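Let me begin by handing over the structure; questions about it come next.
The values are calculated or read from the model by the stated rules, or taken from the named source; none is laboratory data. This structure is a prediction, so every number in the text was calculated from the model and none was measured. Note that each Cβ is placed from the backbone with ideal geometry, even for glycine, and that neighbours are counted across all protein chains shown. Just the protein is used for accessible areas: all its heavy atoms, side chains included, with ligands, DNA and RNA removed. Shrake-Rupley method; radii C 1.70, N 1.55, O 1.52, S 1.80 Å.
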Amino acid sequence: MSPHSYVPAIASTTTLQRPIWTWDWFLPRVISIELSATFAYTFQFKMLLGCPNIAMISLTISSNIPAHQRQLTTFNFEVPVTETEGIEQLEQDAPISPRQMTLPTLKSVLLIGNWEFSDEWIQILLHQVGF
């Protein structure tokens, strides 16, 4: 037997992993997002910062379990403060305050399931969809 005729089997240690969607992805071609179950429940609106052309969002968290409720506040539309912005605000003795994100192309938001939100959140959302 020649040394080249035997090829030992190599055990594969590679596992497939889904990419983690982080808030800093830039996805300019995304115009609609439709998520359900865990994906909708864990969705963070700051992820939309990288979607400048987003027009429609649909999030479904329907469940028979009452504990699966999602609470939305004005915090959900805050843009994370960058290090540079934070330093500038500190140098001016100003409190570090995030700003509200704007989504000028957003036209439709559909929330299905057990959602709880404040009046302030509704006002921000209505501002986002152009009302």
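List every residue pair whose Cβ atoms lie under 9 Å apart, where the two residues are 6 or more positions apart in sequence or sit on different chains, the first residue falls within region 35-55 and is in contact (Cβ under 8 Å) with a residue 12 or more places away in the chain, and the second residue, located anywhere, is open to solvent by 60 Å² or more (accessible area, probe 1.4 Å) and among the charged types (D, E, K, R).
Ala40/Glu34; Met47/Asp24; Leu49/Asp24; Gly50/Asp24; Cys51/Arg29; Asn53/Arg29; Ala55/Lys107
Hey, another quick one. Go through region 90-116 residue by residue and tally those that are modelled with pLDDT under 85, open to solvent by less than 50 Å² (accessible area, probe 1.4 Å) and within 24 Å of Arg29 (Cβ to Cβ).
Summing the residues that are modelled with pLDDT under 85, open to solvent by less than 50 Å² (accessible area, probe 1.4 Å) and within 24 Å of Arg29 (Cβ to Cβ) in region 90-116 gives 2.
Of all residues in region 54-75, which are polar (S, T, N, Q) and either modelled with pLDDT of 75 or more or under 27 Å from Pro28 (Cβ atoms) (or both)? If you could, list the steps in order and put the result at the bottom.
Here is the first cut: in region 54-75, the residues polar (S, T, N, Q) are 58, 60, 62-64, 69, 71, 73-74.
Scanning region 54-75 gives Ser58, Thr60, Ser62, Gln71, Thr74.
If you go through region 117-131 one residue at a time, how many are small (Gly, Ala, Ser) and either open to solvent by 90 Å² or more (accessible area, probe 1.4 Å) or at pLDDT 80 or above (or both)? Show your work before the answer.
If we filter region 117-131 for residues that are small (Gly, Ala, Ser), which is where we start, we get 118, 130.
Subsequent filtering for residues that are either open to solvent by 90 Å² or more (accessible area, probe 1.4 Å) or at pLDDT 80 or above (or both) retains 118.
Adding up the residues that qualify gives 1.
May I pose another question? On the basis of being at pLDDT below 75 and either surrounded by 10 or more Cβ atoms within 10 Å (Cβ to Cβ) or not hydroxyl-bearing (Ser, Thr, Tyr) (or both), does Thr22 make the cut? I'd like the intermediate steps shown before the answer.
Values: at pLDDT below 75: yes; either surrounded by 10 or more Cβ atoms within 10 Å (Cβ to Cβ) or not hydroxyl-bearing (Ser, Thr, Tyr) (or both): yes.
Criteria met by Thr22.
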